Every structure is written in C-alpha cells, then in structure tokens.
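Every number here is computed from the coordinates shown, using simple stated rules; none is lab data. Keep in mind it's a predicted model, so treat the numbers as computed, not measured. Here the Cβ positions follow ideal geometry from the backbone for every residue, glycine too, while neighbour counts run over all protein chains shown.
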Amino acid sequence: MSEAYIVEAVRTATGKKKGRLSNLHPVDLGAVVVDELVDRTGIATDAVDDVIFGVVNQIGAQASNLGRGVSMSSKLDLCVPGTSVDRQCGSSLQAIQFGAQAVMSGTQDVIISGGVEAMSTVEIGSNVRDGLANGRGTPKGERLEAQYPGIQFSQFDGAELLAEKYDIGRSELDSFALTSHKRATNATQNGFFKKEVVPINIKLEDGSIDVHNIDEGIRMDASLEGLQGLNVLREDGVITAGSASQISDGAAAVLIANEEGVKRHGLTVRARIHSLAVVGSDPVIMLEGPIPATQKVLQKAGLKIEDIDLYEVNEAFGSVPLAWAKAIGADLSKLNVNGGAQALGHPLGATGAKLMTTLLHELERRGGRYGLLAICEGGGTANAMIIERLGSGD
Ligand SMILES: CC(C)(COP(=O)(O)OP(=O)(O)OC[C@H]1O[C@@H](n2cnc3c(N)ncnc32)[C@H](O)[C@@H]1OP(=O)(O)O)[C@@H](O)C(=O)NCCC(=O)NCCS
C-alpha cells in the first residue's frame, strides 16, 4: 500500500452568519481554496485525479454535485472531475479519508479533498425542512421510527445528554468557551493563522473592496460575565449560544498525493496520513462518537494519547471536546490550542478540512510530530485521523 501525503492545506477565514462571506456562492468559495492549492503547489491543472468536497446541506446553491461545480469553477482543467460527500459535520474529514484511501490504493495519485458550507445562504437543516414543506418526506423511514419511536434526532439534545453523562456543568462550559475565544484571539493577533488562510477580496455594501482574512466570529473582548449572562438553549439545560458552535460560511481544502504523485509532479510533502477511522455510535446522544473513533484510530496507529502532540476535536458544542477529554484522559493544554468552533465558527461541510489545515500548520509552527483530529456527526457517526508531520512547511 502507498502512503498518503499531505502536500498543502488552506482555508478561508470564516465569515459569520450573514457576514462578510455571505454574498459569495458556495461553489465560488470552494474554488478559491482549490485555486490556492494549485498556485501554492504548482500542480499541473490536469494532474488532479478528483476533487472530493464535503458539503452537508445539498440543496439550492449547494445542490447538484457541488464538488463538480467547484472543479469546473477553479483553475483545474475540465478533465478533472468532482464529487460531493455528506458525512454531516465530518464531511470534509471524510473527503480527506476518501482521498487518502484513493491514493493509498494506488488507483489515483493526486486528490484535492475539501469542503464548503455557505450557511448564510443554505441554512442548516434547510434540506430537511424543504422535504417536510413540499411533501418529499423526512430522512426517518419506518424502520428507524420503529427503533426510535417519536424521537427527533437533535444535536442540541445530544449536547445536553453528553454534558449530563460526563458531568459537565455550566461553569465548565462557560470557561471553556472563553478559552476558545481567548486562544483564537491570541492566534489571530500573533499571526498564527496567516499562512493557512487564503485572503479573499470581498465587496462591501458601499461598493468598495476589502480583504477578508480574519475569522469574523471571534469575540476578542469575550468575558466570563458575558458568557454567564446568556440564556440556556434548552429549559433545564446547560448549553448557551456561547457554548455552541457558530453558524458560519467558509471553505478549506487539502492536496493529497502518494509517492507516485509526489515524484511525478515534484511535490514537497508536509505530513503523512498515519491512521484513520470512522465509527457509528448512539444517534440520540449523537455527539459521543469522537470517543470510540479516537480509541479506534489510536489502536490502529499503535499509539497512545500521550504520544499525540496536538488534538483538534470539533467544538460542535463545548460539551463534545470536554466529554472527549475526560473519556480519553487527554491533556486539555493540547486541545484546540488556537480556539475552536465556539469562537472560529463551524461551516459544516468545510470543518474537517479547516481543522486539518489548522492542525498541520500548528504542528509545523511548534515542531510537533503527531496530530489527532476527531469530529462528531449527525447520526452518531464520527471520523478520526492521525497525521505525522514530516516537513517544516517552509
Ligand atoms: C446556538 C445558536 C442557535 C445561536 O444562534 P443565534 O441566536 O443566531 O446566535 P447569536 O450569535 O445571535 O447569539 C445569541 C446571543 O448570544 C450572544 N452571544 C453569543 N456568544 C456570546 C459570547 N461568547 N459572549 C457573549 N455573548 C454571546 C449574542 O451576542 C446574542 O446576543 P443578542 O441576542 O443580545 O444579540 C446557533 O449558533 C446554532 O445553531 N449553533 C449550533 C449549530 C449546529 O448545530 N451545528 C452543528 C453542530 S452538531
């Protein structure tokens, strides 16, 4: 089996709901990060074997195989195809997994895997609501209804159930949300994200052009008092808007190649995809999957959690990484060191590739060796991946 190498990884700075990226079409947003990969790596525009893009709400502007729309809208030649993946919030981590497996198998040599979500335009759950409103049914068939009678699978309920199960209270959540904003602020102010972010020219309301290169959702003035004052989302619950991931727009992509692709195109490798895993877990608690996914990926890698230098565990809600850290026995000082989705946003389909981009660049900045990434997903599935840094990124 061949190795799967990461050659480059880039992301847009996220835009907040109805914010600076909200007028950009998701396909164009995806093309921005693909073009950047082409420019940075110098890969020939006909040399990519596939563009695999994660996108969750595949309706409206994100319908009709967004991945192909991205490949056609980018600098890549028309001979480069494109496809779209829905693994819910882990869609683009799954896209990276598919890309890695393709090059590991040797059936393809160079893949661009990434993801996009324009949540301002295509609202979360809009595909399900459209089905209900227009007589197209719901995703829950008779067999699932028989197994989970009357239960609406909800990430908000899952976040609360997880907090309860792992004994995570409001004060722990508020202080973790504050840490997320503080770390994101620190990373932004010290330029840690500069290399991974593709600046985008955006048109402002007055017609002038501005550069979007800073994650828009970060509250640089976040305070514990502000977080403590927020209402809980569920009666008797502990989660607030502050301890939930933000609705955002964004895109990210990674160029993956095997030895053959690297040699043929003169590419420089930055990391190798060491181990990967995907699991299913209880769809009602829904967000617990990163725990078994991490256990599985560590076991496959023959590594212990102490061997890992940095982890990115998506802050879909604050209770997810906190429960994960308790169950895994992980060191909180290595977790989401530049902040997470509570501060930086969670553009669903883009998040896996976004976190991978940050993980790679931060491993390089710190000179770390192993990075682990895990994401919870609707339906109770979860992806996890371990990468091993090989280069310096210079
Ligand atoms: C939680 C959620 C519903 C909140 O949406 P929203 O109400 O539009 O969010 P806002 O950003 O307007 O925040 C609500 C309020 O909290 C305040 N707030 C949010 N974060 C804050 C913080 N860190 N500190 C202080 N105040 C904060 C906002 O200022 C706002 O106050 P206002 O009502 O006085 O204007 C939305 O972010 C959400 O759905 N998140 C989860 C997305 C999701 O499910 N993703 C998939 C994961 S599985």
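So the values come out like this:
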| read-out | value |
| --- | --- |
| Phi-based couplings in Hz for region 232-241 (Karplus 6.51, -1.76, 1.60; Gly and Pro marked x) | 6, 7, 10, 3, 6, x, 10, 7, 10, 4 |
| Tensor-based shape of region 21-62 (alpha-carbon gyration tensor, a/c under 1.5 rounded, otherwise prolate or oblate) | oblate |
| Relative contact order, percent, region 1-157 [alpha-carbon distance under 8 Å, six or more residues apart] | 26 |
| Gaussian network model of the chain, Cα within-10 Å springs - most flexible of THR179, THR357, THR45 | THR45 |
| Candidates THR41, THR294, THR358, ranked by Gaussian network fluctuation over the chain, Cα under 10 Å, top entry | THR41 |
| Separation of alpha-carbon centers, region 205-249 and region 329-390, rounded to whole Å | 20 |
| Cα gyration tensor, region 52-117 - rounded (a/c under 1.5), prolate or oblate | oblate |
| Packing-based exposure ordering (other Cβ within 10 Å, fewest first) of THR268, THR185 | THR268, THR185 |
| Reachable aspartates and glutamates from LYS300, criterion Cα separation under 18 angstrom, eight or more residues apart if same chain | GLU3, ASP309, GLU388 |
| Relative contact order (%) - criterion: Cα under 8 Å, at least six apart; region: the chain | 27 |
| Under 24 Å from LYS194, Cα to Cα: lysines that are on another chain or at least 8 residues apart | LYS16, LYS17, LYS18, LYS75, LYS182, LYS203, LYS334, LYS354 |
| 5 angstrom amide H check on VAL85, placed H, neighbours 5+ away | PHE53, GLY54, VAL55 |
| J(HN,Hα) series, region 321-332, from Karplus relation 6.51 cos²θ - 1.76 cosθ + 1.60, nearest Hz, glycine and proline x | x, 5, 5, 4, 5, 5, 5, 8, x, 8, 8, 4 |
| Under-5 Å amide H pairs with LYS75, H placed in peptide plane, nonlocal only | ASP35 |
| For region 161-203 versus region 30-105, the gap between their alpha-carbon centres in whole angstrom | 26 |
| Reciprocal of mean inverse Cα separation for the chain (Kirkwood radius, Å) | 20.7 |
| Exposure rule at most 10 other beta-carbon atoms within 10 Å, DSSP loop GluC sites (Glu not before Pro): the chain longest free segment | 1-204 |
| Top of SER208, SER113, SER105 by mean-square fluctuation, Gaussian network on the chain, Cα under 10 Å | SER208 |
| Local electrostatic count, ARG234, Cβ distance below 9 Å [Lys/Arg +1, Asp/Glu -1] | -4 |
| Neighbour net charge for ALA47 - beta-carbon separation under 11 angstrom, K R +1, D E -1 | -3 |
| Cα gyration tensor shape for region 184-302, rounded if a/c is under 1.5, else prolate or oblate | oblate |
| Relative contact order for region 251-325, counting Cα pairs under 8 Å that sit 6 or more residues apart, in percent | 22 |
